[in-house]
1. Tell me, which helices (runs of 4 or more DSSP H) wholly within the range 1-91 include 1 or more residues that are of a type in the set (Lys, Arg) and open to solvent by less than 80 Å² (accessible area, probe 1.4 Å)?
2. Of all residues in the range 125-148 being over 30 Å from the mean Cα position of the chain (by Cα), at pLDDT 95 or above and in a loop (DSSP other than H, G, I, E, B), which is farthest from residue 113 (Cα to Cα)?
3. If residue 60 satisfies every condition in (1) in contact with a Phe, Trp or Tyr (Cβ under 8 Å, 6 or more places away or on another chain); (2) of a type outside the set (Asp, Glu); (3) within 30 Å of residue 122 (Cβ to Cβ) but one, which is the exception?
4. I'm checking my understanding of the structure. Among residues of the range 92-122 that are in a strand (DSSP E or B) and open to solvent by 50 Å² or more (accessible area, probe 1.4 Å), which one is nearest to residue 59 (Cα to Cα)?
Amino acid sequence: MNPEWERVLGFKNEEVIGRHFSFIQQDRPDDYEENVARVLRGETVRGELSLRRKDGEISFHTFTGQPVYSRGGIIGGEWFLNDITDRKQIERALQRSERLTAEIIEGSPIPIFVIDNDHVITHWNRACEMLTGVSSEEMIGTKRQWEP
């Protein structure tokens, strides 16, 4: 393990070396076992996982695991993690913001439609349906905002 492991997860080498990885893996422990088996069969594996930091917080990572060879045989695996926690937190905040925006637009008694930079309709609320007589299913994803 390298010093970055301690910085990202908060565990010192002596707290981790010799322990099963599942003590910090937050989700899908069966995937861990399968990925180790695949690496020991000679495959390279990639994916995402969440890990529990020493302070109890959850961190998100991409990983690559690959076999380590010596004298023509596999003697173990080498794993690389990339911390994507900030990206995941930003993505979740954006999703919450998009849900809230959609709820505000849909709940408004004022007819509202929204178009993106390409002039494609992304929202067509119920009040707009009632005013125009055209359903959101017919309008969302089109560039026909001018028709109704």
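The values are calculated or read from the model by the stated rules, or taken from the named source; none is laboratory data. The shown structure was predicted, so the numbers you read here are calculated from the model rather than taken from an experiment. A quick note on method: Cβ atoms are made from the backbone with ideal geometry, for glycine too, and the neighbour counts reach across all protein chains shown. The accessibility values were calculated without ligands, DNA or RNA, using every heavy atom of the protein model including side chains. Shrake-Rupley method; radii C 1.70, N 1.55, O 1.52, S 1.80 Å.
1. The helices (runs of 4 or more DSSP H) meeting that bar are 29-40.
2. Among them, the one singled out is 133.
3. (1)
4. My answer is 122.
One line per residue, one yes/no per condition, for (1) modelled with pLDDT of 95 or more; (2) of a type in the set (Ser, Thr, Tyr); (3) over 24 Å from residue 15 (Cα atoms):
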| residue | (1), (2), (3) |
| --- | --- |
| 29 | no, no, no |
| 41 | yes, no, yes |
| 50 | no, yes, no |
| 63 | no, no, no |
| 79 | no, no, no |
